[in-house]
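Here is the structure we will look at, set down as structure tokens.
The values are calculated or read from the model by the stated rules, or taken from the named source; none is laboratory data. Here the structure is a predicted model, which means the values were calculated and not measured. Cβ placement follows ideal geometry from the backbone for every residue including glycine, while neighbour counts extend to all protein chains displayed.
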Amino acid sequence: MGPKEIKILQRKIERIKKDLCDLGDLRPGKLSEQFNVCGKSTCRCKDKDNPQKHGPYQQISYTHRGKSKTEFVKNENLKDVEQQIENYVKFKELTSEWVDTALELMRVKKEIDKNADLHQRRCQRKSAKA
């Protein structure tokens with residue numbers, strides 16, 4: 001372990017930062033397909049023999065700042081929302097990887113400092129004996 005490993009970890013962090021900057025729009029949540037029943041008593045969705053619900057409709061559900069939210073997604077916005085969710089998942093993965101790498105970097109630096117301190121103490125003992 002030494003300066004070479006530190007440089008590798010620092011380059012990895014820089015790559016992660018670049019990847020984060022390249023993500024684009026983010027949106028947490030999960031998409032689901034919904035079917036609804038309306039309030040009209042004569043509608044096909046209320047048919048006693050063969051009820052046919054309205055839909056499918058796309059819906060996104062997420063929790064942000066402790067509040068759960070659900071929104072319908074228009075078909076023309078579906079691809080954008082899917083990309084935003086994918087970007088959010090990637091964001092979470094990258095930030096987790098950044099933290100893991102930063103912790104490893106601190107561990108390596110601490111180990112190097114510890115070894116340097118040991119080396120310095122040994123040298124001091126040798127010079128004191130001489």
### Message
For a quick check of your reading of the model, give me the residue pairs whose first member lies in segment 66-78 and is of a type in the set (Phe, Trp, Tyr), whose second is surrounded by 10 or more Cβ atoms within 10 Å (Cβ to Cβ), with beta-carbon atoms closer than 9 Å and at least 6 apart or on different chains.
### Response
Phe72/Gln34; Phe72/Tyr57; Phe72/Gln58; Phe72/Gln59; Phe72/Ile60
#### Entry: Residue tally, condition surrounded by 11 or more Cβ atoms within 10 Å (Cβ to Cβ) and touching a residue at least 24 places away in the same chain (Cβ under 8 Å), over segment 46-65
6
### Query
Can you tell me which residues in segment 27-52 are within 30 Å of Glu86 (Cα to Cα) and of a type outside the set (Ser, Thr, Tyr)?
Arg27, Pro28, Gly29, Lys30, Leu31, Glu33, Gln34, Phe35, Asn36
### Task
Could you check, for segment 95-108, whether at least one of its residues is exposed (fewer than 11 other Cβ atoms within 10 Å of the Cβ), modelled with pLDDT under 95, outside any strand (DSSP E or B) and at negative phi?
no
#### Entry: The lone exception for Val37 - which of (1) touching a Cys at 6+ places or on another chain (Cβ under 7 Å); (2) surrounded by 15 or more Cβ atoms within 10 Å (Cβ to Cβ); (3) β-branched (Val, Ile, Thr) it fails
(2)
